[in-house]
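Since the structure comes first, as structure tokens, the remarks are kept for the end.
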Amino acid sequence: MAALSLHAAQAEPADLLGTRALRAVEEWRSRVGLDRSHRSGSDEFPFEEVVAHYRSVGRGGANPALVTELRDLHGAVQSAAPAEEGDRGAPLLAGWLRLTFDQEGGDYHTYVGTHLYDAMREQAQEDKGDVLSDTIMAALAVDLLSIEAAALAVEPSRGQRTRVRTAYQLLGSMDALAPSWALEFKGEASPLAPPNDLVGDEALAAAVSQAVSAAADRIPWPVRRLVENTMLPVTRLHDEQMFIRSIQVFEGLYVHVGRCLERAISALGSGDTEGGCAELTDAAERLEAVPALFRVLTTMPREAFAVIRDNTHGRSAVQSTSYRRVEALSAPPTPGNPQSPLPGTEGETLQEVFERQTPWLPRRDVVRFEDTMRRLDAGWHKSKRTHWGITLKVIGSVPGTGGTSGADYLKQTAEVPLFPGLAAGTPGA
Ligand code: HEM
């Protein structure tokens, strides 16, 4: 039998029933009033109580009266008159509430909270965008490690020990997966877990606790709060929490790779091959660090995923816009690709700009740019192959929650290159 999460196993009756959350929401509502959901009102919303209930019982088991209240509140917050000084918290609250009543008709985005992460990233100043987005990834990795270490402390097992070690290594990989965050504290004592041989649970727990508290100090409160609030599992299983955090880290990565592609398109379009190569190298280096993330995901037990899968129909990552965007920015859709194309993508793809610019650029630059595109393609391909392999191991050949044939579909899409024009031989070849 798959293990319960600590929240589910140790919840107080008021959190299991949802009465603490319901009372807190009602109190909040009567305090702030619906027609003046001013900023401090949104900030003081009892997120913690609601999240504690959802983590104890899963979205499917949430108190129906609370769900109705949250749905109603969503409508009210959305239509509330904006406060005079502008309420930046209200749209965020409305966006978050949307996750709490999606039991019917919810999708991948309401499962993961992608719109909340997008909204936070959009708030960053242009030059701080990568730092914020990398800080979010690090915060997710820190939280994952804390959850896993807490579970090991309560119920030590071989499988859980492996999970903690992989999560610890994932935090150590943040200097490659989220380098802008790691650079922020260059020269100071690093909270990134060192790759060492930790013998015994005590040594592991001490190293984890040191790494987590040092890393947490470098994560601003709004990011921590976003991470905490977007852990709204659909089941009571411990493994689903790892699944959600893994998806959220991957989403951060897809968003970043998409950004690098956009910037590479613009640089190459103006003849700046150097700048374009730097962007593609940044994306490729991150993809090359992805095995650390897959090592965590491979610890997913089949029986636990079977339960998660049963509860996540219609919520497949096949709906991920950021993932689709990476492919849509790279090259025009290839005939025979089983993926549905991303609607609303405009402008030239990187492959098209490359083909257009090739005759005008020095041969040396063309070769270098093409090599970097190939490097990115290789990283993307490897990541898709690994995902296919894990899927085969975890669910075998049953269909996916997104309505595809499952592993067979992934095997097929894994072989579609990011830049098919290069595979066929480009002007630079
Ligand atoms: C044990 C874990 C996982 C299993 C068994 C699994 C399984 C699947 C399956 C069967 C599909 C096919 C689409 C469908 O019908 O649902 C799929 C698609 C996809 N999955 Fe996963 N998945 C896992 C973890 C993840 C994670 C953590 C991510 C990170 C975001 C992810 C990202 C994707 C993406 C982007 C697609 C679409 C691929 C495409 O269209 O080419 N998966 N997954």
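The values are calculated or read from the model by the stated rules, or taken from the named source; none is laboratory data. None of the values given here were measured: they were computed from a predicted structure. FYI the Cβ positions are ideal-geometry reconstructions off the backbone, even for glycines, and counts take in every protein chain you see. Please note that ligands, DNA and RNA were not included when accessible areas were found on the heavy atoms of the full protein model with its side chains. Shrake-Rupley method; radii C 1.70, N 1.55, O 1.52, S 1.80 Å.
Take the conditions at negative phi, open to solvent by less than 70 Å² (accessible area, probe 1.4 Å) and modelled with pLDDT of 95 or more and apply them to Ser322. Does it pass? Break it down stepwise before answering.
Details: at negative phi: yes; open to solvent by less than 70 Å² (accessible area, probe 1.4 Å): yes; modelled with pLDDT of 95 or more: yes.
Spelling it out, Ser322 is indeed at negative phi, open to solvent by less than 70 Å² (accessible area, probe 1.4 Å) and modelled with pLDDT of 95 or more.
State the number of residues belonging to segment 270-285 that are open to solvent by less than 40 Å² (accessible area, probe 1.4 Å) and in a loop (DSSP other than H, G, I, E, B).
1
Please name all residue pairs, on different chains or six or more residues apart, with Cβ atoms under 8 Å, provided the first residue is in segment 246-272 and is over 27 Å from Leu116 (Cα atoms) and the second residue is β-branched (Val, Ile, Thr) and open to solvent by less than 40 Å² (accessible area, probe 1.4 Å).
From segment 246-272, the pairs are Ala267/Thr273; Leu268/Val353; Gly269/Val353.
Residues that are open to solvent by less than 30 Å² (accessible area, probe 1.4 Å) and of a type outside the set (Val, Ile, Thr): which helices (runs of 4 or more DSSP H) entirely in segment 157-253 hold 3 or more of them? Before you say what the answer is, go through the steps one by one.
Values: elements: 158-172, 174-177, 179-184, 200-216, 221-229.
Ranges flagged: 158-172, 179-184, 200-216.
Of all residues in segment 132-149 being small (Gly, Ala, Ser) and within 20 Å of Ala176 (Cβ to Cβ), which is surrounded by the fewest Cβ atoms within 10 Å (Cβ to Cβ)? Walk me through it before giving the result.
In the first step, residues of segment 132-149 are kept if they are small (Gly, Ala, Ser); the result is 133, 138-139, 141, 146, 149.
When the remaining residues are screened for being within 20 Å of Ala176 (Cβ to Cβ), the result is 133, 138-139, 141.
Numbers: Ser133: 21, Ala138: 28, Ala139: 26, Ala141: 33.
For segment 132-149, the residue satisfying everything is Ser133.
Could you please give the count of residues in segment 135-156 that are without any contact (Cβ under 8 Å) to a residue 60 or more places away in the chain and in a helix (DSSP H, G or I)? Working first, answer last.
Start the filter on segment 135-156 by keeping residues that are without any contact (Cβ under 8 Å) to a residue 60 or more places away in the chain, which leaves 152-153, 156.
Checking which are in a helix (DSSP H, G or I) leaves us with 152-153.
Total meeting the criteria: 2.
What number of residues in segment 286-340 are part of a loop (DSSP other than H, G, I, E, B) and away from the ligand (no atom under 12 Å from the Cβ)? Steps first, please.
Let us first name the residues in segment 286-340 that are part of a loop (DSSP other than H, G, I, E, B), namely 289-290, 298-301, 311-316, 320, 331-340.
Restricting the remaining residues to those that are away from the ligand (no atom under 12 Å from the Cβ) gives 289, 311, 331-336.
Residues in segment 286-340 being part of a loop (DSSP other than H, G, I, E, B) and away from the ligand (no atom under 12 Å from the Cβ): 8 in total.
Quick one: is Gly129 more than 26 Å from Gly41 (Cα to Cα) and either open to solvent by 70 Å² or more (accessible area, probe 1.4 Å) or in contact (Cβ under 8 Å) with a residue 40 or more places away in the chain (or both)?
Numbers: more than 26 Å from Gly41 (Cα to Cα): yes; either open to solvent by 70 Å² or more (accessible area, probe 1.4 Å) or in contact (Cβ under 8 Å) with a residue 40 or more places away in the chain (or both): yes.
Against the criterion (more than 26 Å from Gly41 (Cα to Cα) and either open to solvent by 70 Å² or more (accessible area, probe 1.4 Å) or in contact (Cβ under 8 Å) with a residue 40 or more places away in the chain (or both)), Gly129 qualifies.
Could you check segment 390-416 and list, in sequence order, the residues that are open to solvent by less than 50 Å² (accessible area, probe 1.4 Å) and either part of a helix (DSSP H, G or I) or over 22 Å from Val296 (Cα atoms) (or both)? Break it down into steps so the answer makes sense when it comes.
Going residue by residue through segment 390-416, those that are open to solvent by less than 50 Å² (accessible area, probe 1.4 Å) are 390-391, 394-396, 400-402, 404, 406-407, 409-410, 413-414, 416.
Of everything in segment 390-416, those that are open to solvent by less than 50 Å² (accessible area, probe 1.4 Å) and either part of a helix (DSSP H, G or I) or over 22 Å from Val296 (Cα atoms) (or both) turn out to be Ile390, Thr391, Val394, Ile395, Gly402, Thr404, Ala407, Tyr409, Leu410, Thr413, Ala414, Val416.
Could you please tell me which pairs satisfy a Cβ distance under 8 Å, a separation of 6+ or placement on different chains, a first residue in segment 394-410 that is touching a residue at least 12 places away in the same chain (Cβ under 8 Å), and a second residue that is among the aliphatic types (A, V, I, L, M) and in a loop (DSSP other than H, G, I, E, B)?
Taking only residues 6 or more apart or on different chains, the pairs are Val394/Met300; Gly406/Val398.
Can you pull out the residues in segment 1-15 that are surrounded by fewer than 16 Cβ atoms within 10 Å (Cβ to Cβ) and in a helix (DSSP H, G or I)?
Ala9, Gln10, Pro13
So for segment 256-263 (the condition being open to solvent by 10 Å² or more (accessible area, probe 1.4 Å), hydrophobic (A, V, I, L, M, F, W, C) and assigned by TED's automatic domain parsing to the domain that holds Gly379), does at least one residue qualify? Quick ask: steps written out before the conclusion?
Filtering segment 256-263 for residues open to solvent by 10 Å² or more (accessible area, probe 1.4 Å) gives 259, 262-263.
This time we only want the ones that are hydrophobic (A, V, I, L, M, F, W, C), so: none.
No: segment 256-263 contains no residue that is open to solvent by 10 Å² or more (accessible area, probe 1.4 Å), hydrophobic (A, V, I, L, M, F, W, C) and assigned by TED's automatic domain parsing to the domain that holds Gly379.
Count, please, the residues in segment 338-350 that happen to be open to solvent by 40 Å² or more (accessible area, probe 1.4 Å) and either touching a helix residue (DSSP H, G or I) at 6+ places or on another chain (Cβ under 8 Å) or not assigned by TED's automatic domain parsing to the domain that holds Ser405 (or both).
If we filter segment 338-350 for residues that are open to solvent by 40 Å² or more (accessible area, probe 1.4 Å), which is where we start, we get 338, 340-348.
Keeping just the survivors that are either touching a helix residue (DSSP H, G or I) at 6+ places or on another chain (Cβ under 8 Å) or not assigned by TED's automatic domain parsing to the domain that holds Ser405 (or both) gives 338, 341-342, 345, 347-348.
Of the residues in that region, 6 qualify.
Need the failing condition index for Gly33 against (1) at positive phi; (2) modelled with pLDDT of 95 or more; (3) of a type outside the set (Ser, Thr, Tyr), just the number.
(2)
With (1) touching a residue at least 40 places away in the same chain (Cβ under 8 Å); (2) under 22 Å from Val326 (Cβ atoms); (3) within 10 Å of the ligand (Cβ to nearest atom) as the list, and Arg375 as the residue in question, which single condition is left unmet?
Status for Arg375: all satisfied but (3).
Looking at segment 378-389, is at least one residue more than 16 Å from the ligand (Cβ to nearest atom) and open to solvent by less than 30 Å² (accessible area, probe 1.4 Å)?
First pass over segment 378-389, keeping only residues more than 16 Å from the ligand (Cβ to nearest atom): 378.
With open to solvent by less than 30 Å² (accessible area, probe 1.4 Å) added as a condition, the list becomes none.
No: segment 378-389 contains no residue that is more than 16 Å from the ligand (Cβ to nearest atom) and open to solvent by less than 30 Å² (accessible area, probe 1.4 Å).
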